[in-house]
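Worksheet: one structure, shown below.
The values are calculated or read from the model by the stated rules, or taken from the named source; none is laboratory data. A quick note: this is a predicted structure, and the numbers were derived from the prediction, not measured. Neighbour counts run over all protein chains shown; Cβ positions are idealised from the backbone, glycine included.
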Amino acid sequence: MGFVGESLSKRMPLDQFWRAIPAALLDDGLVAPPTKVRFVKALQQIFVLILVLAAGLYVWIAYVPAAQPLLARLGLLDLLGIEFQAAVADAPSGRPRGAGGPVQVVTVLAGTQSLADRVTAIGDGRALRSVTVRSNAVGVITELTLPAGSTVKAGTVIARLQDEAEQIALEQAQIRLEDARTEQERITRLEKTGTVTEVRLREADVALRSAELGVRQAEFDFSQRKIVAPISGWVGIVDFEVGDRVNAQDVLATITDRSDIVIEFRVPERVVGKMKVGQPITAMPLGLRDLQITGEISAIDSIVDRASRTMLVQGRVANTDDLLRAGMAFSVIMTFAGETLLSIAPLAVQWSSDGPYVWAVRDGKAVQVAVEIAQRNSDSVLVRSEHLQANEQVVTEGVQTLREGAEVAPVSADGAATDFSGPSRKATL
């Protein structure tokens, strides 16, 4: 078997050698043909797998220096006879093996920003004012100037009821008043001659006063036959027509003043002390997702609901384009300013087994600084850190090959080299 394998390997390439082994084994008759073929195929697969793993391990060690501490903990470097410190030194300045000089990285300055405590609530909108117009008397509608969907001014007559009986009663009251006034004047003249008693004079005065009240009552009854708009606004749907008979307190229409929309919503009790009348809010109708309206808080309730631990708040937004209606649902957003934190670019945040960190540039070298994420925004991340200061450079690009203490060459986002070295470590600490 050994002779056959050695002879075949000297006379043919490796791939042909592996294909020729089964035939040679079969010719020698050493093993049963099916068993030997399966053994050789398994041996080939194991050999190829070992080659692939060896190549992958070589690439990992040579071109990913950050993985060397993990390999050292697993004992692979000792197994291969590679010293950990020597492996790190082979890649100076955090660059791959075979490269030299400082690593070019893109940096930005750490800024400051207030932590925003954002509260979102769902509320219902209602018109600034809404009045239900009702009939004050019983009668037949003779005039109706109330088209649905139109606007009316306060004081406009929107409907009239049949008023002939009231006109007759008013004229009769006016006649009685004129007669009582004439009688009172006659008694007054006779009183001066002493021919009229004081009792008669008082009776005349009472009759005149009663006639005046009768005219006022008749005028009031006549005024109830017309219905006037109490406020200016938009008219809703009207269910009555001319000729319909209405009873007292029948609803004729609803007039709403929707020049402003009042939104009622509830907020958690943790922000009760931060709210005040006039505080700005942002409202978004749930049915009009692309519309955002800025308003303000108009009223705050004085009691926290015990069941929900929330408090009722009213916000007011302008309806300048008349796109909003009473009854709409709104998403209301309020922002409360909090503590001032460091603001860094999202790309600067890296992760390790110990948590998030950033690479800071100090005296031309990379320093790993642990941070605590407080809030994520679309364009920034607010963090807390005892060892990072505002206006200090943090790396956003080129972090893949950095290591602690590696020399770096900061480059701005447009590719221009920067001359910022940032505060020293002593000053930071």
For ALA253, state whether it is exposed (fewer than 12 other Cβ atoms within 10 Å of the Cβ) and among the aliphatic types (A, V, I, L, M).
no
Scanning the range 270-296 for residues that are acidic (Asp, Glu) and modelled with pLDDT under 90 gives ASP290
Given (1) surrounded by fewer than 17 Cβ atoms within 10 Å (Cβ to Cβ); (2) outside any helix (DSSP H, G or I), VAL238 misses just (1)
ask   = Out of curiosity, is ARG160 in contact with a Lys or Arg (Cβ under 8 Å, 6 or more places away or on another chain), surrounded by 14 or more Cβ atoms within 10 Å (Cβ to Cβ) and either of a type in the set (Lys, Arg) or within 30 Å of VAL228 (Cα to Cα) (or both)?
value = yes
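Let's see how each residue does on (1) assigned by TED's automatic domain parsing to the domain that holds LEU177; (2) under 20 Å from the mean Cα position of the chain (by Cα):
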residue: ARG216; (1), (2): yes, no
residue: ILE237; (1), (2): yes, no
residue: VAL246; (1), (2): yes, no
residue: VAL272; (1), (2): no, yes
residue: ILE300; (1), (2): no, no
residue: ASP305; (1), (2): no, no
residue: SER308; (1), (2): no, no
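Only one of ALA148, ALA154 is touching a Pro at 6+ places or on another chain (Cβ under 8 Å), part of a loop (DSSP other than H, G, I, E, B) and outside the structural domain of SER331 (by TED's automatic domain parsing); which?
ALA154
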By residue number, the members of the range 177-187 that are touching a helix residue (DSSP H, G or I) at 6+ places or on another chain (Cβ under 7 Å) and not small (Gly, Ala, Ser) are LEU177, ARG181, GLU183, GLN184, ILE187
query = Is at least one residue of the range 287-302 more than 26 Å from ARG129 (Cα to Cα), free of Cβ contacts under 8 Å to residues at least 40 places away in the same chain and not charged (D, E, K, R)?
reply = no
Can you confirm whether the range 255-272 contains a residue that is more than 17 Å from VAL119 (Cβ to Cβ), part of a strand (DSSP E or B) and free of Cβ contacts under 8 Å to residues at least 12 places away in the same chain?
no
By my count, strands (runs of 3 or more DSSP E) wholly in the range 369-408 with at least 2 residues that are buried (at least 18 other Cβ atoms within 10 Å of the Cβ) are 381-384, 393-397
For the range 58-77, pairs from a residue that is among the small types (Gly, Ala, Ser) and surrounded by 15 or more Cβ atoms within 10 Å (Cβ to Cβ) to a residue that is part of a helix (DSSP H, G or I) and modelled with pLDDT of 70 or more, with Cβ under 7 Å and 6 or more apart or across chains, are none
When ASP260 is run through (1) under 44 Å from the mean Cα position of the chain (by Cα); (2) charged (D, E, K, R); (3) farther than 30 Å from ARG316 by Cα, the failure sits at (3)
Taking the range 274-284 and keeping residues surrounded by fewer than 13 Cβ atoms within 10 Å (Cβ to Cβ) and under 17 Å from the mean Cα position of the chain (by Cα) leaves PRO280
Screening ALA169, ALA204 for residues that are within 29 Å of ALA137 (Cα to Cα) and either hydrophobic (A, V, I, L, M, F, W, C) or in a helix (DSSP H, G or I) (or both) leaves only ALA169
State yes or no: is LEU161 under 60 Å from the mean Cα position of the chain (by Cα), modelled with pLDDT of 85 or more and of a type outside the set (Asp, Glu)?
yes
